[in-house]
Amino acid sequence: MADNNKYIVSAAPHLRKKDDSVSRIMWTVNAVLAPVALMAVFVFDRVALGVMLVSIFSALLTEAVIQRSRGQRVTISDGSAFMTGLLLAFNMPAHVPLWLPAVGSFFAIAIAKQVFGGLGHNIFNPALAGRAFLMAAWPQRMTTFTKPFAVDAVTQATPLMLLKEGKAAGLAGMELDYMDLLIGFRGGALGEVCALALVLGGAYLLARRIISWQTPVSFIVTAAAFGWAFGSPAGFFRGDFLFQVLSGGLLLGAIYMATDYVTSPITKRGQLVFGVGCGLLTGVIRRWGGYPEGVCYAILIMNTAVPLIDRFSQPRRYGVTRREKDSGSARRAS
Amino acid sequence: MKRFWLEFVKGIITENPIFFVVLGLCPTLAVSTSMSNAIGMGIAATFVLVCSNVIIAMLRRMIPDKIRIPCFIVVIAAFVTIVEMVLKAYAPALDRSLGIYVPLIVVNCIILGRAEAFASKNPVLLSLADGLGMGLGFVLALLVIALFRETLGSGKLMGLSLSHQFEPAAIMVLAPGALLLMGLLLGGLRWIRSLRSS
């Protein structure tokens, strides 16, 4: 019986691989985000690099100072604060004063993450909370986007802004085509412009099983279907769904932010519900809301529903019927 | 005299209506966008609080127990009406910037809370001291919150611009900023208290 040790009985959780640690997963995602960052530098020049570095440095410094002052182990090398800083920078226009990413990352780590107890305890996605804070605090700075490849920061609205303000009805009126949207030659936030790099990175994460398909696919499909059904003033089912998917922060949000382990549901069924909810809210905000883009607020709103979704999507215990389970839990609760 | 003093000082710090009893948050968060609003609101609420405390303490043996809350509200509403008329006549600008929150002093939890918890059970002089202390505590709390919100949110202090370098964070004069700041202040004060007790 040489392979006796294959049948060890142990309590959950059962780790699939020895090297699936928090820091390993975080750094893998960070590495996957590197091409996106490179494209941002390519499209928007060196200013983009400055924004990203300041944002990451501020996030790491805030985390280290808070953990040190509370007498905890300093865990800035696990890559989670690094990722928060990077994702927050991806949500910003290229030409912002450098104090903006610094303040945003400080808020994301100090208020949205550490106040709740640090990694694993936060209710809201820290990077998105940081972005929402900056949007409410300095809306002008956060919505002044610049034209790609422009030397002296010529401002250019994002495709969704043009759509919202009624300046262009579709891609043709914006002097863009789908190729521009795919590669990232358009106005927008640093990390959202290059759809190709985002999708390739997402495919790698799926293949490595770091993220599951449920959240991103249901999120993107719902938002696209919503845009297709209601997105066009010409009538129902005339909207440009490809434009809806490629033009805003949908891919960045669906693949890298809605899949955050801490702030998304645990079960697969729950993740489907979560993704559909995010997609619907994104569609509603884009179509009828005050802002041109709604991915950030859609995810933040659905973050608040995660405990509820988890509660109602618990799998059935083996050997227990649904009715027995319900009455059993009711008895225990009372 | 010593009891008078004790009832007066307790409202300022140790039983501060905003920071330690956490009552009356609605007007606190709504009008603390600037120092001048905070002072106006604080004085108006303190006037109503002191007057209603005194009257209710005088009437405390006459008010039937079962309908005491409506009786308190009638007394409070009378003084709020006086405040509102005075503001409209002599400080119309302040009245406009405080808006609906002046009539809403009628349902301010601090005033009703002191009437119920203190004035209806204590003699007139002690109720006067209690009203003054709680009112002062309310004004102080409003001023602290308004100090942060006005400087950070609009870059001004008492309406005067502080610096042209600093770009104010609009969120601090909006509702989310008020809630955020309130949470941080409550947490900070609780932390200081825990340091002192340990």
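Enumerate the amide H contacts of B:Leu157 below 5 Å, restricted to partners 5 or more residues apart or on another chain; note that Pro and chain-start residues carry no placed amide H.
HN-HN under 5 Å from B:Leu157: B:Leu162.
Amide H to amide H, which residues 5 or more places from A:Thr146 or on other chains are under 5 Å from it, using H placed in the peptide plane?
Amide H neighbours of A:Thr146, under 5 Å, 5+ apart: A:Ala94, A:His95, A:Gln156, A:Gly188.
Arrange the following residues from fewest to most other Cβ atoms within 10 Å of their Cβ: A:His121, B:His164.
B:His164, A:His121
How would region A:80-145 be classified by its alpha-carbon gyration tensor: rounded, prolate or oblate, with rounded meaning a/c under 1.5 and the a/b versus b/c comparison settling the rest?
Note, shape of region A:80-145 comes out prolate.
Restrict the search to region B:47-82; then list the trypsin sites (Lys or Arg not before Pro) that DSSP places in a loop and that have at most 12 other Cβ atoms within 10 Å of their Cβ.
When the trypsin sites (Lys or Arg not before Pro) of region B:47-82 are filtered for loop state and at most 12 Cβ neighbours within 10 Å, B:Arg61 remain.
What ³J(HN,Hα) values, in whole Hz, does the Karplus curve 6.51 cos²θ - 1.76 cosθ + 1.60 give for region B:109-114 when θ = phi - 60°, with x put for Gly and Pro?
These are the phi-based 3J(HN,Hα) values: 4, 5, 5, 5, x, 5 Hz.
Using θ = phi - 60° and the Karplus form 6.51 cos²θ - 1.76 cosθ + 1.60, what ³J(HN,Hα) does each residue of region B:132-138 get, whole Hz, x for Gly and Pro?
Karplus-based 3J(HN,Hα) across region B:132-138 equals 4, x, 4, x, 5, x, 4 Hz.
How do B:Lys10, A:Lys268 rank when sorted from fewest to most other Cβ atoms within 10 Å of their own Cβ?
Ordered from fewest to most neighbouring Cβ atoms within 10 Å, B:Lys10, A:Lys268 come out as A:Lys268, B:Lys10.
May I ask for the longest run of chain A untouched by chymotrypsin sites (Phe, Trp or Tyr not before Pro) that are loop-located per DSSP and have at most 10 neighbouring C-beta atoms (other than their own) within 10 Å?
That would be A:1-235.
State log₁₀ I(q)/I(0) for chain A at q = 0.08, 0.10, 0.12, 0.13 Å⁻¹ as given by the Debye formula over alpha-carbon point scatterers of equal weight, solvent excluded.
Here log10 of I(q) over I(0) equals -0.40, -0.61, -0.85, -0.98.
Determine the shape class of region B:2-197: with a ≥ b ≥ c the square roots of the Cα gyration tensor eigenvalues, call it rounded for a/c under 1.5, and otherwise prolate if a/b is greater than b/c, oblate otherwise.
oblate
Have a look at B:Ile56, B:Ile82, B:Leu143 and report the one farthest towards the positive end of the charge dipole of region B:2-197, computed about the Cα centre with Cβ charges (Lys/Arg +1, Asp/Glu -1).
Of the options given, the answer is B:Ile56.
For region A:40-128, which trypsin sites (Lys or Arg not before Pro) are both in a DSSP coil and crowded by at most 16 other Cβ atoms within 10 Å?
A:Arg70, A:Arg73
Once the Cα atoms of helix A:46-69 and of chain A are each reduced to a long axis, what angle between those two axes, in degrees from 0 to 90 to the nearest 10, is obtained?
30 degrees
Measuring from centroid to centroid over Cα atoms, what is the spacing of region B:108-126 and region A:140-157 in Å?
59 Å
Fewest first, what order do A:Ser69, B:Ser120, B:Ser32, A:Ser77 take by the number of other Cβ atoms within 10 Å?
Neighbour counts put them in this order, fewest first: A:Ser69, A:Ser77, B:Ser120, B:Ser32.
By how many degrees, between 0 and 90 and to the nearest 10, does the Cα long axis of helix B:35-59 differ from the longest principal axis of chain B?
10 degrees
Rule-based calculations on the coordinates, nothing more; no lab input. Computed from a predicted structure; not experimentally measured. Glycine gets a Cβ as well: all are built from the backbone with ideal geometry, and neighbour counts include every protein chain shown.
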